[in-house]
Amino acid sequence: MRYIPHTDEDIAAMLQVVGVDSLETLFGHIPQDCRRSKDLELPEAMTEWELNDHMDDLAGRMAGAGEYKVFVGAGSYNHYIPEVARQLVSRSEFYTAYTPYQPEVSQGTLQAIYEYQTLTTRLLGLEVANASMYDGASALAEALLMAVRVTRRTRVAVSSLIHPLYRRVVQTSLEPTGYEIVTLPSGADGRTDFSGLDGQTDLAAVAVQSPNFWGCIEDLAAAEPVVHADPKTLFVTTFSEPLAYGLVKSPGACGADIACGEGQSFGLPQSFGGPGLGMFAARKQFIRNMPGRLVGQTVDKDGQRGFVLTLSTREQHIRREKATSNICSNQGLCATASAMYLATVGGTGLRALSRLNYDKAAYLKQALQQAGFKIPFAAPTFNEFVVQFPQGFESAHRELQDKKIVAGLPLAPYYPDLADHYLLCVTETMGRKDMDLLVREVLSCLNR
């Protein structure tokens, strides 16, 4: 092997600087039962064709959306992707583009991101958007850290109906800093109960998700004056299904100061959970506190329109202690795919697609109600909703999986008081016969 990263002499010199005598000592703080003491047990090398067969075998064990009827969303949604968007994003000038530090040779990449930012601001109803974050969870964490910077306060309120994994990322990001997280409870209708904000005068931000994790559409317009009763507190909205904003009012129109969330629904396949796209927009007055990259429009020395990275306040560009974020990248290809999807679908198409998702979910919800199952929350929903099945539905859920039907996500692991409650999702990819089949098979399993 010609490439040897470090010689024994290099390693010894570095160990001497850090004050230890061996690599074993360097890693000594790691418990022995967490350390690997022998080589990985890998199978023998395979030919290309053997490897293809092996991968097909592994894929065949998965409940893939192609063969299975999967009625699960919960932050990752199965939507059709226009072939034109799929083909365009695979072009090498987009697919292999590197960070556009040199604008004179990166105008195509910069313009693509600028168009994405423009579409994001129009969708979310705010004035500025960044070039994207890693995913919806990191976008929310960065939004709350931004609110702390803007307000110079150290407490944030977070709805319990925000995606549980988003809340875990927020906790991981904020707790080491000593910032306090206040959790807002849910109300009987399936929306956030904001009554706990009465008398709170020291919050940096209040964060709410709409549609929330239970699929319910929050009344953001009614929440806004409650949040802004203290004018210094920022109203942060997040989302895991941005397609809803083709039908409901945008966060900006409802008074949000920051809107952020997951953009996977816009042209990105589910791909076993990733990659995602963190969408992030805010009011212009907060632009200098925004995290991540920002592409701006300018003119060159000849007066021609051009695009550049601007207001770069990430730690890669300035001193770490002065940086707004340590996220030194963006989901460039995913953002470009999202822009292509939105441009292909268009405003009219987005509204029609949103309406189709809403109508199909409403059809399944009504069918389950008519079959005798309870819909516990009265708030309006978009393309997913909660159903309360009879006690002990777990065995029926497993039996349905054997029939290649995934009948929703059990909520008890995330909300222990919601035993036998399942979160079901329907997108445009589900037909009426698929939904009718689900209802029939659920009844069949329970009536045995």
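The values are calculated or read from the model by the stated rules, or taken from the named source; none is laboratory data. Since the structure is predicted, the reported quantities are computational estimates derived from the model, not experimental observations. Backbone-built Cβ (ideal geometry, glycine too); neighbour counts: all protein chains shown. What goes into the accessible areas is simple: the full protein's heavy atoms, side chains included, and nothing from ligands, DNA or RNA. Shrake-Rupley method; radii C 1.70, N 1.55, O 1.52, S 1.80 Å.
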message: Please compute the per residue accessible area over the chain with all protein chains in place, 1.4 Å probe, rounded to a whole number of Å².
response: 52
- request: Taking H placed 1.01 Å from N in the peptide plane, check which residues at least 5 places from VAL158 or on another chain put their amide H under 5 Å from its amide H.
  value: VAL182, THR183, LEU184, ALA207
query: Using alpha-carbon pairs under 8 Å, 6+ residues apart, how would you state the relative contact order of the chain in percent?
result: 20
query: Taking the DSSP beta bridges in the stretch 126-245 as the whole, what percent of them are antiparallel, to the nearest 5?
result: 5
task: Considering only DSSP beta bridges where both residues belong to the chain, give the percentage that are antiparallel (nearest 5).
output: 50
- request: Average the reciprocal distances over every distinct pair of alpha-carbons in the chain, invert the result, and give the Kirkwood radius in Å.
  value: 24.3
query: Put a dot 7 Å past each Cα toward the Cβ at ALA63 and PHE27; how far apart are the dots in nm?
result: 3.7
Area of CYS216 that stays accessible when all protein chains are in place (1.4 Å probe, Å², to 10): 0
- line: Per-residue accessible area, 1.4 Å probe, largest first, puts HIS29, HIS6, HIS228, HIS163 in the order HIS29, HIS6, HIS228, HIS163
task: Quick one: check the C-alpha center-to-center distance for the stretch 197-244 versus the stretch 318-381, whole angstrom.
output: 17
field: Cα-centre dipole for the chain with unit charges at Cβ (Lys and Arg positive, Asp and Glu negative), debye to 20
entry: 1440
- line: Zone reached by a paramagnetic label modelled 7 Å from GLN297 Cα along Cα→Cβ, restricted to the stretch 249-273 with backbone N below 11 Å, covers none
task: DSSP loop (so not H, G, I, E, B), at most 15 other Cβ within 10 Å: list which GluC sites (Glu not before Pro) in the stretch 1-49 pass both filters.
output: GLU41, GLU44
task: Throw me the Rg/Rh for the stretch 223-374, computed over C-alpha atoms with Kirkwood Rh, two decimals.
output: 1.05
- prompt: Does the stretch 1-116 come out rounded, prolate or oblate, given a ≥ b ≥ c as the square roots of the eigenvalues of its C-alpha gyration tensor, rounded meaning a/c under 1.5 and, failing that, prolate meaning a/b above b/c?
  reply: oblate
- request: Figure the gain on full extension for ALA343 and HIS6 (residue separation times 0.36 nm, minus the Cα-Cα span) and round it to one decimal in nm.
  value: 116.4 nm
task: Please go through the stretch 82-183 and write out the trypsin sites (Lys or Arg not before Pro) that DSSP classes as loop and that have at most 15 other C-beta atoms within 10 Å.
output: ARG91, ARG152
- line: Length-normalised contact order of the stretch 176-283, Cα under 8 Å, at least 6 apart, in percent, tallies to 19
field: Inter-centroid distance (Cα atoms) of the stretch 24-93 relative to the stretch 123-187, Å
entry: 29
message: Once the convex hull of the alpha carbons of the stretch 89-244 is built, what does its volume come to per residue, in cubic angstrom?
response: 141
statement: Within the stretch 108-148, DSSP-loop GluC sites (Glu not before Pro) with at most 14 other C-beta atoms within 10 Å are GLU127
- prompt: Which one of SER37, THR298, GLN270 has its Cα pushed farthest toward the positive end of the charge dipole of the chain, where Lys and Arg give +1 and Asp and Glu give -1 at the Cβ?
  reply: THR298
message: Explain nothing, just the number: dipole magnitude of the stretch 171-281 about its Cα centre with +1 on each Lys and Arg Cβ and -1 on each Asp and Glu Cβ, in debye rounded to the nearest 20.
response: 320
statement: Computed over all unlike Cα pairs, the Kirkwood hydrodynamic radius of the stretch 326-448 in Å stands at 16.4
query: Any idea of ASP300's accessible area? Nearest 10 Å², probe 1.4 Å.
result: 70
- prompt: Taking a 23 Å limit on the Cα-Cα distance, which of the listed pairs LYS69/LYS365; LYS69/LYS249; LYS301/LYS322; LYS249/LYS374 fall beyond it?
  reply: LYS69/LYS249; LYS301/LYS322; LYS249/LYS374
- prompt: Counting only protein heavy atoms and using a 1.4 Å probe, what share of the accessible area of the chain belongs to carbon plus sulfur, as a whole percent?
  reply: 52
- line: If R0 = 35 Å, then ALA188 and LEU443, at their Cβ-Cβ distance, give a FRET efficiency to the nearest 0.05 of 0.80
- request: List the longest stretch of the chain that has no exposed loop site; here a site is one of the chymotrypsin sites (Phe, Trp or Tyr not before Pro) assigned by DSSP to anything other than H, G, I, E or B, with at most 12 other Cβ within 10 Å.
  value: 102-448
